[in-house]
Every structure is written in structure tokens, then in C-alpha cells.
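First comes the structure, then the notes that go with it.
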Amino acid sequence: DVLAPGKGKKCSLCTKILQQIKSMAGDDPDDEAVDAALKKVCQMVGKRLGRVCKTLVKKYRDDISEALQNGDQPQDTCAAIGLCKA
């Protein structure tokens, strides 16, 4: 697990979820690949984190999708949406 050192729980959770989505969607994902990954990822993180994951995905879906298609790093994306310190 690559968690961001010295950052809050929201940041490490966001980073973890985005890394998972990124690995599921592939290197050059289209809308469908990103959508499929977004739908599946919250089932994969377990029940405890699932609710937080769903909220995150729902609220930032467009930002996450755009970032993945731009090839942005999970840490940078989480900072852009305000869950990590930039």
C-alpha cells in the first residue's frame, strides 16, 4: 500500500482509491473504462471504506475522470480536489 506520508486520512484514502481506479482503468482510459472502474472501486475497498468511497466518487466523479484521462497522479488529483495538501 502506498499511502501518502504525513497526510490526513482523507488524503490517504483518496490516494488509495485513485490508485485503484487508475490500475483498473488502464494507462490510457476512455470514458467507459473510467466509468467501469469508478463503479467497481468502492466494492473493492471493503465495507468500512465503501461509504466514504461512494461519496468521494459521486462528488468528484468529473474531476477524477478528467484527471485519469489526463494521466495525472493520484496524489495531485487528491490535492486538486482539496483532500490532500498540495
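Estimated at 0.36 nm per residue, the fully extended path between A80 and K47 surpasses their Cα-Cα distance by 9.3 nm. Karplus-based coupling profile of the stretch 24-31, in residue order and whole Hz: 6, 7, x, 6, 10, x, 9, 3, with θ = phi - 60° in 6.51 cos²θ - 1.76 cosθ + 1.60 and x standing for Gly or Pro. Projected over all directions and averaged, the alpha-carbon convex hull of the chain occupies 4.9 nm². Between D35 and T55, residue separation times 0.36 nm minus the direct Cα-Cα distance comes to 5.7 nm. Among the protein heavy atoms of the chain, carbon and sulfur supply 48% of the accessible surface, probe 1.4 Å, non-protein parts ignored. Normalising the average separation of contacting C-alpha pairs (under 8 angstrom, six or more residues apart) by the number of residues puts the relative contact order of the chain at 36 percent.
Mean residue ellipticity, 222 nm, helices only, the chain: the sum of -39500 (n - 2.57) across DSSP H runs of n ≥ 4, divided by residue count and rounded to 500, is -24000 deg cm²/dmol. In terms of distances greater than 20 angstrom between alpha carbons, the cross-link table entries K54/K85; K9/K58; K40/K85 yield K54/K85; K40/K85.
Taking a sphere under 12 Å around the Cβ of A37 and counting the other residues whose Cβ falls inside, with K and R at +1 and D and E at -1, yields a net charge of 0. For the chain, the solvent-accessible area works out to 66 Å² per residue, with a probe of 1.4 Å and every protein chain left in place.
Taking all protein chains together and a 1.4 Å probe, the residues S12, S23 rank S23, S12 from largest to smallest accessible area.
The values are calculated or read from the model by the stated rules, or taken from the named source; none is laboratory data. Note that the coordinates shown come from a computational prediction; the quantities given were computed from them, not determined experimentally. Methodologically, a virtual Cβ is constructed for each residue, glycine included, from the backbone with ideal geometry; neighbour enumeration extends over all protein chains shown. Side chains included, ligands, DNA and RNA excluded: accessible areas come from the protein's heavy atoms. Shrake-Rupley method; radii C 1.70, N 1.55, O 1.52, S 1.80 Å.
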